[in-house]
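One structure is given here, and the rest of the page talks about it.
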């Protein structure tokens, strides 16, 4: 079982790492306390450090040492008081000492405070001394807060001290939150190799569990609970490792572990949050919801618990309540990667593509290792007309899950949409060549690729579409693909026969089939039948304008002219589609046809339903054509004069800026077209 696609990653709290101290007296006290602790005399160990602190009432470092000991013993309330006292004393201490105290307070805030406080303390620590420990503290706090900058901060810590286990643990935390689980595993392994006594075992268990590696996850988690018997977070990791082996927790091992974690650290928001995850995995949704509420109460600044509670509503089918709840969250919580991933899923379901893409822009930056988010980003990008981004996003999804055939099939098609036909073909041949890849959609995608080569690879395209029809005899896309393939290859008789099958497979496509048949007869030189079928297509409500113009044109028009008119007719219908992806495909191909397509491109610029990404493509293409696109000037001038479309108060700032930039691009294109 993969834990983390369902469960948000857990940031770790690392105990304060001692640094070399000039005060030998304190060093001796710490050594004596550790010796007492090794004998099992916990009270004596605490007393020794309390005495050291009382003997140096203005020095923050004895209080820091005392806090460290109290944390080892699980006395978090007393440790918090000691850290607070150290913080008060550190105000006048040297910068390096002050930074060390602030880093410790940041780590403690993650364990018994808020992510917001943890970030604030860590930033102050970095301002005091931007060393490895301060940077590591900041990276861990940023990771809990959901800030993508955590990864770069952790890398800075590791560069500052390559042999620091603390820096490697910070890297692991940041990578866990980003869903980059193999990389997180490597970071925690590195930390353990540098310091076997470090808290990296807990993170290692989480990284194993997230990858579905149940056995090593359990081994690492059990080792972590033995290494620190007072750690609630180690118990939480054991719970998640148990779920990796038994998602329904039939033996109740996960719930037992997380309840022990709650007993050890009742104020730890991360442990409370894990209680919710365990209950959710067990199907106890009401209990999960209460646990998420408890975690949110412990740390209102952390996005994880409230977003998980809303995701629970979505899981139960109440998308409306989930969306309303998400929009009611504080702005900084809404801006988190987790919140934007949930928003993206909710809006994708509603097919609100602009909002979906905007949310997933943020989510994929924060959660780059989440394949599902990358794939959703690709789908959203296609549906707003950004073809390159669509292909690249699916490429990232495939890199994360190379055996996911649905991702591979879409990746191959979107590569084709982005004019990377050879790359797309290689991907789709890989998919359809596998026994589990015998899917109608994959063969339709393969047919599309073959059909769009120049010249079209008709035989292979038809074979792919026929295979899809064998798998799904009523698949209208496959039937239409056969007809379009023959038509692209100039095989008019076969195309007409194929169009007849389109009408049989799906009567709703009768008008489109009649139009295609008419073009076939026209291209074959049979004007009588072309006019007859054009009339049938018109009666069915299909736009036959380009075909009518061709029929009324010169009787001996060249083959190239007829072919261009045929293509323009097909593309004019496509660019009028509501879907921005279809518009983008049509716009690219129309631009490739040059001057004859300019009126249709200009019309698309005027159409209020044409997506902005498509309008940007058209404007850039018209500019490159120069004087050949002169017929577009009246429309460009009119649009420039009218100004940006998104000028209403409801328009988002990014949308307004993009529309404003488009007007500037139109002005530049008009200059090029006029030859100035």
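The numbers here are math on the coordinates, done by the rules we state, and not lab data. Model, not experiment: these values are computed from the prediction. Using ideal geometry, Cβ is built from the backbone for each residue, glycine included, and neighbour counts are taken over all protein chains shown.
List of remarks:
- Extension gain, residue 603 to residue 152: 0.36 nm times the residue separation minus the Cα-Cα distance gives 157.7 nm.
- Residues residue 335 and residue 642, FRET efficiency given R0 of 35 Å [Cβ-Cβ distance, rounded to 0.05]: 0.55
- The stretch 428-536: C-alpha gyration tensor shape, a/c 1.5 cut-off, then a/b vs b/c: oblate
- In degrees, nearest ten, helix 440-451 long axis to first principal axis of the chain (Cα): 60
- Cut-off 14 Å, label 7 Å out along Cα→Cβ of residue 229, residues of the stretch 60-75 by amide N: 72-75
- The chain - mean residue ellipticity at 222 nm from DSSP helices (-39,500 (n - 2.57) per run, n ≥ 4, rounded to 500): -23500 deg cm²/dmol
- Modelled label reach - residue 631, point 7 Å along Cα→Cβ, the stretch 568-585 residues with backbone N closer than 20 Å: 568-577
- A simple spin-label model places pseudo-atoms 7 Å from Cα toward Cβ; at residue 470 and residue 259 they are separated by 5.8 nm.
- Highest to lowest packing among 77-83, 483-489, 467-473, scored as the average C-beta count within 10 Å: 483-489, 77-83, 467-473
- Largest first, the three principal axis extents of the alpha carbons in the stretch 24-302 are 55, 40, 36 Å in whole numbers.
- Note on residue 91 and residue 406: the model spin-label points, each 7 Å out from Cα along the C-beta direction, lie 5.8 nm apart.
- Label positions at residue 41 and residue 438, each projected 7 Å from the Cα along the C-beta direction, are separated by 7.7 nm.
- Prolate/oblate/rounded call for the stretch 370-422, Cα gyration tensor, a/c under 1.5 rounded: oblate
- Scaling against 2.2 N^0.38 Å puts the C-alpha radius of gyration of the chain at 1.22.
- Residue order for 123, 144, fewest other beta carbons within 10 angstrom first, comes to 123, 144.
- A prolate overall shape is assigned to the stretch 171-310, the ratio a/c of its alpha-carbon gyration tensor axes (a ≥ b ≥ c) being 1.5 or greater and a/b exceeding b/c.
- The value of relative contact order for the chain, using C-alpha pairs under 8 Å at least six residues apart, is 7 percent.
- Between 0 and 90°, nearest 10: helix 76-89 axis offset from the chain longest Cα axis: 90
- Among 155, 422, sorting on how many other beta-carbon atoms sit within 10 Å of each Cβ, with the fewest leading, yields 422, 155.
- Computed from Cα positions, the angle between helix 24-38 and the longest principal axis of the chain comes to roughly 80 degrees.
- Percent RCO, i.e. relative contact order, over the stretch 24-302, from Cα pairs under 8 Å lying at least 6 residues apart: 11
- Förster radius 41 Å - calculated FRET efficiency between residue 577 and residue 293 (Cβ-Cβ, nearest 0.05): 0.35
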